[in-house]
Each structure stands twice: as structure tokens, then as C-alpha cells.
Amino acid sequence: MVQSPDPSANRGDVRLRDLILSVSARLARTLEERIDESIEDALADVGASTDVDRAYVMTFDVLAETYSNTHEWVAPGVSAVKGDVQGMALAHKAPWLSALERGEAVQIERVAALDPALPLVALFTSQAIRSMLWVPMPGPSGLLGFVGFDSVRAERSWSAEEVALLTAAANVIAAALERRSAARERDEVARRLTALAALVPGVVYQFESDAAGQLGFPYVSAGARTIFGVEADVIRRDAAAAFSRVLQDDLAGLADSIEVSRQTLEPWTHDFRVVDEERGMRWVRGHAVPERTAGGGTLWHGIVTDVTEATELEAALRRDVTERRLALARLEREVAFRKALVSVTNDMLTAALDDGFYQQVLTRTIELVPDAQGGSMLLRVDGEVFRFVAAVGFDLEALRSVHLTEYEMARGTPPAVERVFVQENVDRVGRERRDAFSRAGRLGDITVTLSVPIMVGAEAGGYMNLDNFDRADAFDDDAQALAAALASQVAVALQRLRLERDLGEERARYERLASHDALTGLPNRRLFLDRLEQAITQAHRRRERVALLYLDLDGFKDVNDALGHDVGDALLEAVARRLEQAVRAADTVARLGGDEFAVVLQEVSSDDDARQVAEKLIESLDAPFVLRGRSLAITASIGVALYPRDARLTDGLMKAADVAMYRVKDAGRGAVGFYSRET
């Protein structure tokens, strides 16, 4: 006679199955931050439904080779054991743990019947376990742990149907734990990305255009507030919040550049203007790399930085160069016009502006100007004092000892071409200098002098004095015009010299601005990278080493925030001076931006050489900085990377030194660390 199935058992399985389905649905809907609470609720429901005294989750730590009780439910009157099962060793596995690794459930109906010598039996006994069931929790890369059910008050067994249903429950709990773990990893990645993005001088973002053309920002760093004047979460909710800050005139060009990048998947770079209610209009520059998404849209990963100062400087440089080129062009046209009028002065304009040039000009002028029989040229040397630089018919060496003022030369104001009768004004000069003139030549024989000012700007930079020894009516209007034209050539030459000198000085200043940090005067990132590349090239050729020291000030932001940017800037300048004094003249100290500095050391023979310099740099900052009446202390963390051991290319060496520096930061700051590939 065949025995009929127990109807009550079937009903129990159905209730358990329905309960597990309900638990599964509930866990699937649970937010990641409440998964632990929901798992304990599920253990309580399942444990009560299956008439056990304890239900718990054991999770494995594969790296540590331990397991721990992470979630537990106990029936009323039954002792909790969660605190006793933490960090248990997996090194000596019992046979039932091996079965779990094979994906098999482990059921022990009589714990009392187990061999006391087996691992964990003593633990079972101490927890008053009489019967137990363990069902595995599988994960994508191995066993996550198991869900256990203990019977304390009586011995019992579980049917195959119960084991199957409880295994399903364990799978549901495993999936929830995996989801929680993934969420924690995602949150950690987001936290690290946010921390890194906060160090970037701009906004780091992801921008998406889906297949339907809808725009959005999946990720925007906190720098959005600085760049767009809008909080990051506002832009994440509505992309239009960012585009609304773009200057209307720049919107079309911005949209076109994005569309070209979308179509070609070429990296996107574009400069445009944004309007900030607090800071006004600003220039920003965007860089991004696009990729096609699985849904047919386009996702850009990029950064936008404020380039207002650089853009304005470039514009000012262009304007200044244009203005100077126009000024130079105007002068050159004037020179060309004068050359056409007085072709004989061509060689004068191309000659060097020395005493030989002045002598040549004076000689040619006397040859060309009617009635000129001799003469001299004086240039302003100091305030109202003029000295002789050329002479015809007189001893120039004797004249060099004589200085004259415009009053002594009987010149009026404003200066103009004048006929001067020297004998009538000789008493304006003292006897000693009159005697010097007499020794220089025929001062007493001069009948009339044509005094022609050499105008440089609004003042007379000098005078050409053309002498006639025969006629008081010498030098008519034509002679005066010709003399004035020739004098203007000298003036143009002097002006041109001054302009070329000023332009050269300005060009040198702007070239320095382009390659040096405006605050500290140190080489900037552009010049630094060039020198690092040169050092690596030379070291490669000579088979030498190069050390790169990456230095970051500790606590500088706190100083800046507490005392203001003026004190912060003054501190950066003072730090730069000390760093320069701590290295050799052949080494390069540069400011890369913010509170980051870098040093290139050439001809490094060993790690000790680099370490000595790095420690010297740290020691240079030991003494307090007295700024604005305050005494400030600052330390630095230095990362060191060596070519060719750590990297053979510039970028690799920079990254290695940066990694070494941040490891020093993480280890406590204010020290030196060498790059190591070990994590």
C-alpha cells in the first residue's frame, strides 16, 4: 500500500515558497543603504516560518581567509552568537565547508553524534546547536558565504523541498549582498572621483547626447559653481542650467563644435564665454573626448577651465604688438619719405648710432647745406646738459670737455631752427669753458650759427650747429629747411633706436611672461616641461640619470582660506625664493600651479643625491615665514622619480613623481618618498 503525501507538509512548502517569493521581491525593491536591515527581516521571516531557533548569514573574506557572522535572527529565549563568530579562520576547513564550496547544502541532524575532534564541533557545542543546515551563497567569482539555520531546542531534519527553497532564499540574500557591495564600490569610486575633481582647477564632467538628441550631464564636479556660477546638482538635473550661462553670441559656435565632435568622434576643444552674475563675463576653454554609447548616443568625458586671464593677456599682447607695428610702420613711412627728399642720408639711417655715425651725419650736412663751413653736434646727456659728439673745423677732443645748456647756447623755447650770433652770447659761458672753446678752434671767427634742434618727442634731444665764418646773412629759408630735414633724419634714427630698444625689452618681457609664473617668477609648467625634456634627452645621450622632485605644500589651503589670497600669494613667493636658494644654479625649480612645485635635477649619480636635495628643500621651509606681521609655518611633501629607472618619457616621470608625492601625503606629509611600483 502506497503511503499518501502528508498534505500539511505540502502546505508548509507552499507557504515557505510564497514567503521566499515575498522576501525576494522585498529585497529587490530595497534601497542599497537599507539592505542589511532587510536581510535581517528576511532571516526573521524565514526562521520563524521554518521553526528554527537561529537564522544567520556567514560571509567569507577570501583575502583574509576568514568568515564572520554579519546578520542574525534568534528566536525568543535563544542566545545570540553573532559576536562570537567574527574573523574565524578558514585555514583548516571542515568537510562541510568544502561541500559548500562545491555548491552543496550541508545538513547535520545530530550535532551530538559528530566526532568531537572535527574542526568547529566545539563551537557548535558551545552554541547549544542540536541540528543545523547550511546552504551556500554563490557569487559571480566564487562562494560569498552561506546562510545557516540552527535548531537549539530539539533535533530535527529538513526535507529536500525545504532545502531547495532555503537554497533559493540564500541565492536571494547573496544577490542582495552583491548589490550592496557593488553600490559601496560605486560610492567609493564616486567619492574618489569627487575628491580628485576637487583638485582640478575647473569643472570635470560627462556630457551625453542620446540617440534622440536629448542632452544631459551624468556627472558634474563641484567646480561647476566656479565656472558656470551654478551648483553641480542643478546642472545634473537640467543641462540647460549650464548652457543658459553661455554668452548668447557664443551659443551657435559652441553647438556647432559639439556637433562636429559628435559626428566625427574627434576630441572636442572650444573656447567660449560664460556670464557669471558674481564675476561677470569670463572666458572658458573646454576639452573632451567623445565615445559612442551602446544606445547610439555620444558621451563626452571632459574638463572646462577658466582661461580669462590667459585670453586677456593674449589679446593685450596682440593689441600691443599691433599698435607697435603700426607705430613702427608710421615711422618707417616717415623715414622712407625723408629718404626720398634727402637721398644722401640713406647711409646715415643704416649706420650704427655711435660717434662715427654722428660725425658722418654732420659732415654730410655741412657738405649739403648752403653756407655751412663748419659746425658741431651736441646730444642731451642729463637733464638740461648737452655734450659734443661730433665736430667739423674744431678739435672734438677739446670740445668733449665742455658741456652746455640751452640757455648758454642762446636757444629759445620751444626749440626751433634759429640763426644764432655766437659773439653776442659768448658771455653766457664762463671763462674756463670759453678758453676751452678757443683751444678747440675758430670760435672767435664765427659770424653766424644755424642752430637746428634734433627733436625727439616734445624735447630737443640734441642740436646741430652749422657755422659760417664769412656772412652775417648766411643760411636762408631753403638752407634752414634742408638742415631741418637732415636733423629730422637724425631724430628719426634716434626715435627708431629707442622704439626698437623698447620693443625688444617689451618682447623679452612678454616672452618671459609666457614661460614664467607671474606670481613667483619661477619657470611655469610650459618651460618646466621643456627643460625636463631637454634633461632627459641629455641624460639619454650621456647615459646619466635625471631626478624629478614633485613638491606639494601641506596645509596651504588652510592658510589661504584663513588669511586670504594676499597672504597665500606672499607665502608662495617666499617659498619660491627658499626653494631656489636650496638647489644648484643648473637645476630647475618651477611652479606648476596652486601650491605645487617641481624640481629637475641633472647629473644625479644615486638615490642619495636626490634625497639630499629633497631633504634640503624640506629643511629650507623649516624656519617660519613672517608675512603681514604673522609668523607662518608650512611643510611640504615631496615625491621623487628617477629617469630612466622609473620612467623613460616625460609624462611617465611626471606621473611617477606625482604618485610618490601622494603616497607621502597619505603616510603623514612633510617627508620625502621615492616612487615604487609596489602599491
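Kindly establish whether V567 is in a helix (DSSP H, G or I), aliphatic (A, V, I, L, M) and in the same structural domain as P624 (by TED's automatic domain parsing). Judged against the criteria, V567 is a match. Filtered by the rule that a residue be in contact with a Ser or Thr (Cβ under 8 Å, 6 or more places away or on another chain) and of a type in the set (D, E, K, R), the stretch 464-492 gives D467, D470, R471. Out of the stretch 128-155, which residues are of a type outside the set (V, I, T), farther than 16 Å from A99 by Cα and crowded, with 18+ Cβ neighbours inside 10 Å? R130, S131, F149, D150, S151, listed by residue number.
Within the set D467, D473, the sole residue that is in a loop (DSSP other than H, G, I, E, B), charged (D, E, K, R) and closer than 28 Å to A491 by Cβ turns out to be D473. Pull up the stretch 661-675, narrow it to residues that are aliphatic (A, V, I, L, M) and in a helix (DSSP H, G or I), then point me to the one that is farthest from A636 (Cα to Cα). Ranking the qualifying residues of the stretch 661-675, first place goes to A667.
Here is a yes/no grid of residues against (1) of a type in the set (V, I, T); (2) surrounded by 21 or more Cβ atoms within 10 Å (Cβ to Cβ); (3) farther than 13 Å from L177 by Cα:
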{"residue": "T30", "(1), (2), (3)": "yes, no, no"}
{"residue": "L43", "(1), (2), (3)": "no, yes, yes"}
{"residue": "V46", "(1), (2), (3)": "yes, yes, yes"}
{"residue": "D51", "(1), (2), (3)": "no, no, yes"}
{"residue": "R54", "(1), (2), (3)": "no, yes, yes"}
{"residue": "F60", "(1), (2), (3)": "no, yes, no"}
{"residue": "L63", "(1), (2), (3)": "no, no, yes"}
{"residue": "V74", "(1), (2), (3)": "yes, no, yes"}
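Scanning the stretch 588-601 for any residue that is closer than 18 Å to A539 by Cβ and not aliphatic (A, V, I, L, M) turns up at least one such residue. The residue of the stretch 539-579 that is surrounded by the most Cβ atoms within 10 Å (Cβ to Cβ), among those that are over 21 Å from the mean Cα position of the chain (by Cα) and farther than 23 Å from K616 by Cβ, is L563.
Identify, please: which residue in the stretch 255-282 is among the polar types (S, T, N, Q) and in a helix (DSSP H, G or I) and is, among those, farthest from A242 (Cα to Cα)? It would help to see each step written out before you state the result.
We begin by selecting, within the stretch 255-282, every residue among the polar types (S, T, N, Q); these are 257, 261, 263-264, 269.
Checking the rest, the ones that are also in a helix (DSSP H, G or I) come to 257, 261, 263-264.
Values: S257: 16, S261: 19, Q263: 22, T264: 24 Å.
The extreme case among them is T264.
Taken over the stretch 91-143, the residue count meeting the criterion of being within 18 Å of W158 (Cβ to Cβ) and not in a strand (DSSP E or B) is 15.
The values are calculated or read from the model by the stated rules, or taken from the named source; none is laboratory data. The model shown is predicted, which means the values in this text are computed figures rather than measured ones. A quick note on method: Cβ atoms are made from the backbone with ideal geometry, for glycine too, and the neighbour counts reach across all protein chains shown.
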